[in-house]
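What follows is a single structure, written as C-alpha cells, with notes after it.
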Amino acid sequence: MNFDVRRFVSRCVKSLTSSCGRPLSRQRARGATVGLALACWLVGSTACLAQVFIGGQPQTTVRPAPKPIDCVNPMVGTSGHGHTYPGAAAPFGMVQLSPDTRLDTWDGCSGYHYSDKWILGFSHTHITGTGCPDLGDIRLTPLSGDMYRPQHWDGYHLPFSHANETAKVGYYTVTLTKPKITVELTATEHAGMHRYTFPADKPAHLVLDLIRSIGAPNPNWTPIESRLVAESKTTFSGFRHSKGWAPDKTFYFVIELSQPCDGWTIETDGKQAADASEGRGKLLQAHFDFKRLEKPLMVRVGISGVSVEAARKNLQAEIPAWDFDATVKKTQAQWSELLGKFQIEAADRATLETFYSALYHTALAPMMMSDADGTYRGIDKTVHEKPGFTYYSTLSLWDTFRAEHPLLTIYQPQRVNDFVNTMLAHYRQYGKHALPVWSLAGDETWCMIGNHAIPVIVEAYAKGFRGFDAEAAYAAMRDTVMQDRDFLKDYRKHGYIPTAKNKGEARQSVSRTLEYAYDDSCVARMAAMLGKTDDAALFAKRAENWRNVFDRSVGFARGKSADGRWRDPFDPRELVWADYTEANGWQYTWFVPQNVPGLIEAMGGDEKYLAKLDSLFSADSKVLTASPDITGLIGQYAHGNEPCHHVAYLYNYAGMPSKTQSRVREVARKFYDNTVEGCCGNDDCGQMSAWYVFSAMGFYPVDPASGIYVLGSPTVAKATINLDPKYHKGKTFTVIAENNSPQNVYIQSATLNGQPLTRSWLTHAELTAGGTLVLKMGSEPNLTWASRREDRPPVAAK
C-alpha cells in the first residue's frame, strides 16, 4: 500500500489553514476535517483526534515560529570530518572558549571531536573547520581532591558523557564524570567567562596550562616562551608566545578569580619557580588551589595580541561584573541580531536547524585581532593604534572567497571594508609584496594556493563598497600577481605552470594555473573599473591561461610539461600532487568560473559539455591516491572539498537549469543536516556552511567577483533577508518557493517583483535593491524555462 498518511494529513491541514484569511466553505471545512480525522485514526493518534474535534468544530493549533537562535546546534560538524568546535564565541570574536578533547590527529584540528570520551581542559582560542591544527591557547582545567600531575602527554583526561553536555549559542556546559565538576562557559569578543561548581567537601584546583596547544605533539607546534605573574590572590596575568601553523604568534591574558585562592604554584620548565610571584620560560604551567569552594567559582579571562594591559582593558570593557548569566545574555543578543538577518520558513524543524546552524558557522571567522579600542599588533609585530578599522585574521581565503565572503557582503556589509583594509594593511606591513594567502592569529601561514584576497577585494569594489583606497588596492593586487613566488614566474613565462616528473612533488601545476587565471580575471575587472585599459587587456588575456592546461583530446585539465607534452599515462580519477590540490582531474577541470561559455566551447559545445557534467556525477566514486579531503562523493563530484562547490550550478550555463536544480537538492539532502555529522567535510572557516545557506535560499555565486547569483532549487519554503539600509537600497529580499517539497525540486516558472523571470540568474544589485523572487516548483523538470541562450548566466553582471 503506497498511501502516505503524513502527506494526506498535511494536505488536510493545508486545506484548513491556507485560505488566505477567507472563510472556508462548510463543505470544504467538513471534508478536510473528516479527512484529517480519518488520517489521525489511521495512525492511531487519539491526541490528534482531540485536536481536530473540540466542541464539534475543526481546530488548528498555531505555534509561534521558533527564534533563529533556538535553531542553532553548535554541535553540527563536531563528528566526522567537519572539524568544528562546540564552545562559546561571539560573532567573529577573538575568543572561542571551548573544550579540548584531543590535541593531535587530523580530526582534532579544532581541539574537539565528538567521538572522544574525555576532556583535557578548556582553552580560549580555536579555529573552526580547518584541515590543519593550531591555537588552543591558555587552557584551564578544573580538578577536585588532592592535587596530582597529569598522567598523559597531552594533559589531564577527565571523562565525560554527551548526556551531561549542552552546547547553545554563546553558552556551553558539561558535568565531568570524574571528578564531578560542572563547567559552564560563555564568551564575548575578547574575553571568556567560566563558572565551575566543585564538590563542596573536597579541595578544588584550577590548572593553567601554557605548555600544550592544538597540534602537539608535532615538534614544530611548540611554545617559544611564556610568562605568568601573580598580581594577587585573585588576579594572574601573562602571555604565551608560540609557533605552529602560524609560525610566530603571541596571546596576552589576564585571569581574574571571583574568590581568592588559598595558594598557587608556578612551574617553569618542569621545576617549581623560585619566585612564587612570577614564572617565565618555555614550558610554563600553574595551579590555583582552594581548600573548599562552597559556591561556584567564576573566572574571567581577557586576551589580546597587544599587551597584558590591553587584555585587562578588553576584560573590563566587555565583562565588567561577576554576572555570568548577564554575559551569556549579552552575547546571545548579538547572535540573535545576526541570525535574525534571515527569516526562514520550512516544512520541518530539522531544515530550520540545518540552515541556522550553517549560518552560525559562517560568523565564527574571520576572527578579529583588534582590541576593544581598535588597537592591534600587525604582521610587522608593531602595535598600530586607532587604525580606523577592525583588523581581522583567520582568513581562509582559498576556501572562503567562493561563498562565505559573498554571503558576508549581503548580511554583514558593515565588516566588508574592514576585511579589505585588513588585507591592505597586511600587504603594507609584511614587506613580501603579497596580499594575505591564509592568515592566522595575525600571522601568515602561506597555506593553500592562489592569491584569493584578490577576488574578495574586487567583489567588494564591484558591489559598491568604497571604504578603502581602491588605487592602493589595485596596486597591491598587481604587485602580488607579478611576483616570482609559488611558480608565478613559470606561469608568466609559459602561460601555465609546467608539471613535475615526480607525481608526488606538490607543484600542483594545474590547480595553480586555473586559480591564477581566475585571480587574473579579477585583476582585469578591477583595472577596467578604474579605467586602466592596458592592464585590463593584459590580465584579461592572462585570465585565459586555463586553456593551456585543458586537453581537448580528453576533455580534462591535465598536467603538461615545459616542452608541451601532456602527462601520460593520465587517469582523471587520480590525485597527482604534481598537478592538483586536494582533488583530481574530474574535480578541477570545472574551475573556470570566469569563462564558463569558453569551457563549454572547449568541450565541444552544449551537448558534450552537459554529457561531461552528467558523467562527473555518474562516474565510479573510486579516487586513486585518495585524500581525506576528498569526501562527500557523488560519482567523482566531491562536495567535501571546495574545488567542486560551484559545479552543480554549471548546468545553467548550457541551458539546462533543471539538472542544476536536481543536483543541488541531492547535495543538500545527502551532505547537510542538523546532527553532529551534518558536514560532509571540513567546514573550512564557514565555506562549507555558506554553500548551504546560499543553496537553501535558491542561488549561489559561481563567479564570486562577477556580482551574479545563479539560481538553483531552494530547500526552504520562504527566505527573507533583512538588508542593512546603510549599505543596501532595499529593506528586504524574499525568495518564495511555492509548492516546495522534497519531490518538487524543479522550477516551473519564476517572477521577480511581479514580473516574469525567464533567466536562471540574478544580480547582487537586484538582490540588494530589495524585492521578491517567486519560484513555482514542481515534480517534473520544465525543460523550456531559462533554456534560451540569452537566459544563461553571463560572464559578468550587467
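Before moving on, here are some points about what is shown:
- Residues within segment 468-493 that are surrounded by 18 or more Cβ atoms within 10 Å (Cβ to Cβ) and more than 30 Å from P387 (Cβ to Cβ), tallied: 3
- Selection from segment 644-682 of residues that are among the polar types (S, T, N, Q) and over 19 Å from V592 (Cα atoms): S658, Q661, S662, N674, T675, N682
- For the residues L38, L16, L24, the requirement of being out of contact with any strand residue (DSSP E or B) (no Cβ under 9 Å at 6 or more places or on another chain) and modelled with pLDDT under 50 singles out L38.
- Checked against the criterion of being assigned to a loop (DSSP other than H, G, I, E, B), of a type outside the set (F, W, Y), closer than 27 Å to G681 by Cα and out of contact with any Pro (no Cβ under 6 Å at 6 or more places or on another chain), the candidates V554, V576 yield just one match: V576.
- Selection within segment 302-315: residues that are among the small types (G, A, S) and assigned to a loop (DSSP other than H, G, I, E, B). The member of this set that is nearest to E189 (Cα to Cα) is G305.
- Against the test of being in contact with a Phe, Trp or Tyr (Cβ under 8 Å, 6 or more places away or on another chain), without any contact (Cβ under 8 Å) to a residue 40 or more places away in the chain and not in a helix (DSSP H, G or I), the options F570, F591 yield a single qualifying residue, F570.
- Residue ID - surrounded by the fewest Cβ atoms within 10 Å (Cβ to Cβ), chosen from residues in segment 673-699 that are out of contact with any strand residue (DSSP E or B) (no Cβ under 7 Å at 6 or more places or on another chain) and hydroxyl-bearing (S, T, Y): T675
- Hey, T715 of a type in the set (S, T, Y), part of a strand (DSSP E or B) and in contact (Cβ under 8 Å) with a residue 12 or more places away in the chain or not: no
- The set of residues in segment 700-728 being crowded, with 24+ Cβ neighbours inside 10 Å and among the aromatic types (F, W, Y) consists of Y700, Y709.
- Among (1) aromatic (F, W, Y); (2) part of a loop (DSSP other than H, G, I, E, B); (3) in contact (Cβ under 8 Å) with a residue 60 or more places away in the chain - the single one Y360 does not satisfy: (2)
- Pairing each residue of segment 733-751 that is closer than 18 Å to D791 by Cβ with any residue that is surrounded by 18 or more Cβ atoms within 10 Å (Cβ to Cβ) and of a type in the set (D, E, K, R), provided the two are 6+ apart or on different chains, yields C-beta distances under 6 Å for Q748/K776; S749/K776.
- Residue match in segment 370-379 (condition: surrounded by 21 or more Cβ atoms within 10 Å (Cβ to Cβ) and out of contact with any His (no Cβ under 8 Å at 6 or more places or on another chain)): yes
- Number of residues in segment 602-634 that are in contact with a helix residue (DSSP H, G or I) (Cβ under 8 Å, 6 or more places away or on another chain) and of a type outside the set (G, A, S): the value is 11.
- Filter pass, L530 being open to solvent by less than 50 Å² (accessible area, probe 1.4 Å), under 30 Å from R466 (Cα atoms) and either without any contact (Cβ under 8 Å) to a residue 12 or more places away in the chain or in contact with a strand residue (DSSP E or B) (Cβ under 9 Å, 6 or more places away or on another chain) (or both): no
- Those strands (runs of 3 or more DSSP E) lying entirely in segment 195-301 with at least 2 residues touching a Cys at 6+ places or on another chain (Cβ under 7 Å) and either farther than 23 Å from G111 by Cα or open to solvent by 20 Å² or more (accessible area, probe 1.4 Å) (or both): 284-290
- Answer residue from segment 655-672, given it is over 14 Å from W691 (Cβ atoms) and open to solvent by 30 Å² or more (accessible area, probe 1.4 Å) and is nearest to the chain's Cα centre (by Cα) among those: S662
- Long-range neighbours under 6 Å by Cβ, at least six apart or interchain, first residue within 23 Å of D146 (Cβ to Cβ) within segment 248-270, second among the charged types (D, E, K, R) and open to solvent by 10 Å² or more (accessible area, probe 1.4 Å): P260/K233; C261/K233; C261/D289; D262/D289; D262/K291; G263/D289
- Residues of segment 766-794 that are farther than 24 Å from S741 by Cβ, hydrophobic (A, V, I, L, M, F, W, C) and crowded, with 17+ Cβ neighbours inside 10 Å: L767 alone.
The values are calculated or read from the model by the stated rules, or taken from the named source; none is laboratory data. The model shown is predicted, which means the values in this text are computed figures rather than measured ones. Positions of Cβ are backbone-derived with ideal geometry, glycine not excepted, and every protein chain shown enters the neighbour counts. These accessible areas exclude ligands, DNA and RNA; they are computed on the full protein's heavy atoms, side chains included. Shrake-Rupley method; radii C 1.70, N 1.55, O 1.52, S 1.80 Å.
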